[in-house]
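Structure, as structure tokens:
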Amino acid sequence: MELSAVTKVLGGKKVLRKNLQSRMDMFELSNEGITKDALTHLAKYFSFSVDQMSRFLPVTERALQRHAPEKAFNRIVSEQILQIAEVAAKGSEVFEGREKFLAWMNHPNKSLNNKTPLSLVNSKYGVDMVLDELGRIEHGVFS
């Protein structure tokens, strides 16, 4: 997966003020903080409101509502946003499009204990399981 796809899901260079080209860039961006503008782009990708994104992030809906668009989130929230964006980018690549990927995200998956992939992206462990499953699908390994 190209990290430029993660950049795109988060609103591009205009919003992030940089192109993500390496894992180090993602590390540095998580430390600098992701802005609410980038989260808004991610929410649009999933066809959610920013308020709905609070169920996937370690922040309350009210805190998201009060957060200024250009203000950066802390490292923990920023890392979770980046991880979800990585799932979106990888999923769109594997399913060759957003619509098929989103349908998969909302469908219970036997290898994920009959949970929807979307229900797991609220933690790093869940994100890792979803990325692993996407990797298996990409390589034609079905369980």
Would you check which residues across segment 44-80 are over 18 Å from residue 9 (Cβ atoms) and acidic (Asp, Glu) and list them? 51, 61, 70
Of all residues in segment 85-143 being acidic (Asp, Glu) and not in a loop (DSSP other than H, G, I, E, B), the one that is most open to solvent (accessible area, probe 1.4 Å): 99
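Filtering segment 13-22 down to residues that are in contact (Cβ under 8 Å) with a residue 12 or more places away in the chain and farther than 19 Å from residue 48 by Cβ, which residue is surrounded by the most Cβ atoms within 10 Å (Cβ to Cβ)? Don't jump to the end; show me each part of the working.
Here is the first cut: in segment 13-22, the ones in contact (Cβ under 8 Å) with a residue 12 or more places away in the chain are 15-16, 19-22.
Restricting the remaining residues to those that are farther than 19 Å from residue 48 by Cβ gives 16, 19-22.
Numbers: 16: 21, 19: 13, 20: 24, 21: 12, 22: 9.
Top of the filtered list is 20.
Please verify whether residue 49 is open to solvent by 30 Å² or more (accessible area, probe 1.4 Å), closer than 23 Å to residue 138 by Cβ and at pLDDT below 95, treating the condition exactly as stated.
Numbers: open to solvent by 30 Å² or more (accessible area, probe 1.4 Å): yes; closer than 23 Å to residue 138 by Cβ: no; at pLDDT below 95: yes.
No, not satisfied.
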What is the residue count in segment 68-84 for residues that are modelled with pLDDT of 95 or more and either open to solvent by 60 Å² or more (accessible area, probe 1.4 Å) or part of a helix (DSSP H, G or I) (or both)? 11
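Among the candidates 68, 43, single out the residue that is free of Cβ contacts under 8 Å to residues at least 12 places away in the same chain and either at positive phi or among the hydrophobic types (A, V, I, L, M, F, W, C) (or both).
On the way: 68 fails: free of Cβ contacts under 8 Å to residues at least 12 places away in the same chain.
Only one candidate qualifies: 43.
When segment 133-143 is examined, which residues are found to be over 17 Å from residue 6 (Cα atoms) and not basic (Lys, Arg)?
Going through segment 133-143, the residues over 17 Å from residue 6 (Cα atoms) turn out to be 133, 136-143.
Residues satisfying the conditions are 133, 137, 138, 139, 140, 141, 142, 143.
Within segment 28-67, track down each residue that is β-branched (Val, Ile, Thr) and assigned to a loop (DSSP other than H, G, I, E, B).
34, 59, 60
The values are calculated or read from the model by the stated rules, or taken from the named source; none is laboratory data. All figures in this text were calculated on a predicted structure; none of them were measured in a lab. Quick reminder, even Gly has a Cβ in these numbers, built from the backbone with ideal geometry, and neighbours come from all protein chains shown. Side chains included, ligands, DNA and RNA excluded: accessible areas come from the protein's heavy atoms. Shrake-Rupley method; radii C 1.70, N 1.55, O 1.52, S 1.80 Å.
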